[in-house]
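Chemist: Pasting in a structure now, in structure tokens, and then I'll have a few things to ask.
The values are calculated or read from the model by the stated rules, or taken from the named source; none is laboratory data. This is a predicted model, so every value here is computed, not measured. Virtual Cβ from ideal backbone geometry, glycine too; neighbours counted across all protein chains shown.
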């Protein structure tokens, strides 16, 4: 019996839609990867509530558009994008990858001075809890649907390889964070997290598990770090 996390073949969808699937798939990938460039030039600080709200709204709008494209025009089912109830093994795998992510980040930060000042972590303490919670849930749900579920599966259809699709989606995820981190060593943090989230998705093909892990990572950064960090000396 085929594993429940295996990717659902899309041959029937292609035949039903003719060549239209390529057009809509391409449009979806442009939307998933291109929306972040529209927000370029803003202050990268997460302590700016206005920018936080704009980002939250944009991510949900993008996911709405991708849902219309994926479920409406491409006629995919939820399982195609990994949207299924996680099993116990999926949750265990998620926690294992979550721990491994922080181990790798810790090793990298030990040997590579990682700049995090541009995140304005201390300023996050003044951001309302409701906004911080919305940031965590939005990033966890929306970015995983964009860069893992939708992007990887559509790219796998184009390339014939889920690993190549995962690599391209991971690269797009890293590029999407340049506006906040810049081309600095700080970019290593989303690069590592994006890589482990991509590996988790390709391994388990369960998007809710990735959403949960992404939300946990962001929750630690947004809620816990501002409390633990001491003010920098001027």
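Chemist: For region 195-217, state whether one or more residues are within 26 Å of residue 132 (Cβ to Cβ), surrounded by fewer than 17 Cβ atoms within 10 Å (Cβ to Cβ) and without any contact (Cβ under 8 Å) to a residue 60 or more places away in the chain.
Modeler: Scanning region 195-217 turns up no residue that is within 26 Å of residue 132 (Cβ to Cβ), surrounded by fewer than 17 Cβ atoms within 10 Å (Cβ to Cβ) and without any contact (Cβ under 8 Å) to a residue 60 or more places away in the chain.
Chemist: Let me ask something else. Report, by residue number, each residue of region 133-161 that is surrounded by fewer than 19 Cβ atoms within 10 Å (Cβ to Cβ) and within 17 Å of the chain's Cα centre (by Cα).
Modeler: Taking region 133-161 first, the residues surrounded by fewer than 19 Cβ atoms within 10 Å (Cβ to Cβ) are 133-134, 137, 158-161.
Across region 133-161, the qualifying residues are 133, 134, 137.
Chemist: Just need a number here: residues in region 178-189 that are surrounded by 20 or more Cβ atoms within 10 Å (Cβ to Cβ) and either under 12 Å from the mean Cα position of the chain (by Cα) or more than 23 Å from residue 38 (Cβ to Cβ) (or both).
Modeler: The number of residues fulfilling the criteria is 1.
Chemist: Take the residues in region 184-234 that are outside any helix (DSSP H, G or I) and farther than 18 Å from residue 82 by Cβ; name whichever of them is modelled with the highest pLDDT. Explain how you work it out, then say what you get.
Modeler: Just the residues of region 184-234 that are outside any helix (DSSP H, G or I), to begin with: 184, 205-206, 229-234.
Of the ones still in play, those that are also farther than 18 Å from residue 82 by Cβ are 184, 229-234.
On the way: 184: 81, 229: 64, 230: 54, 231: 52, 232: 47, 233: 47, 234: 44.
In this case the residue turns out to be 184.
Chemist: Given the conditions (1) free of Cβ contacts under 8 Å to residues at least 60 places away in the same chain; (2) surrounded by 15 or more Cβ atoms within 10 Å (Cβ to Cβ), and given that residue 130 satisfies all but one, which numbered condition is not satisfied?
Modeler: The single condition residue 130 does not satisfy is (2).
Chemist: Which residue pairs have Cβ atoms closer than 9 Å, lie 6 or more positions apart in sequence or on different chains, and pair a first residue in region 7-34 that is at negative phi with a second residue that is part of a helix (DSSP H, G or I) and modelled with pLDDT under 55?
Modeler: Correct list of pairs: 21/13; 21/14; 22/14.
Chemist: Could you figure out which of (1) over 16 Å from the mean Cα position of the chain (by Cα); (2) within 24 Å of residue 49 (Cβ to Cβ) isn't true of residue 221?
Modeler: Unmet for residue 221, out of (1) over 16 Å from the mean Cα position of the chain (by Cα); (2) within 24 Å of residue 49 (Cβ to Cβ): (1).
Chemist: Can you run down the residue pairs with Cβ atoms below 7 Å, 6 or more apart or on separate chains, where the first is in region 64-86 and on the phi > 0 side of the Ramachandran plot and the partner is outside any loop (DSSP other than H, G, I, E, B) and surrounded by 15 or more Cβ atoms within 10 Å (Cβ to Cβ)?
Modeler: 75/13; 75/17; 82/149; 82/201; 82/207
Chemist: What is the residue count in region 152-170 for residues that are over 15 Å from residue 30 (Cβ atoms), part of a helix (DSSP H, G or I) and without any contact (Cβ under 8 Å) to a residue 40 or more places away in the chain?
Modeler: Number of matching residues: 7.
Let's see how each residue does on (1) at pLDDT 95 or above; (2) surrounded by 14 or more Cβ atoms within 10 Å (Cβ to Cβ); (3) in a loop (DSSP other than H, G, I, E, B); (4) in contact with a helix residue (DSSP H, G or I) (Cβ under 9 Å, 6 or more places away or on another chain):
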residue	(1), (2), (3), (4)
62	yes, yes, no, yes
66	yes, yes, no, yes
70	yes, yes, no, yes
76	yes, yes, yes, yes
79	yes, yes, no, no
84	yes, yes, yes, yes
97	yes, yes, no, yes
105	no, yes, no, yes
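Chemist: Mind checking which residues of region 1-42 are at pLDDT below 55, assigned to a helix (DSSP H, G or I) and surrounded by 15 or more Cβ atoms within 10 Å (Cβ to Cβ)?
Modeler: Within region 1-42, 13, 14 qualify.
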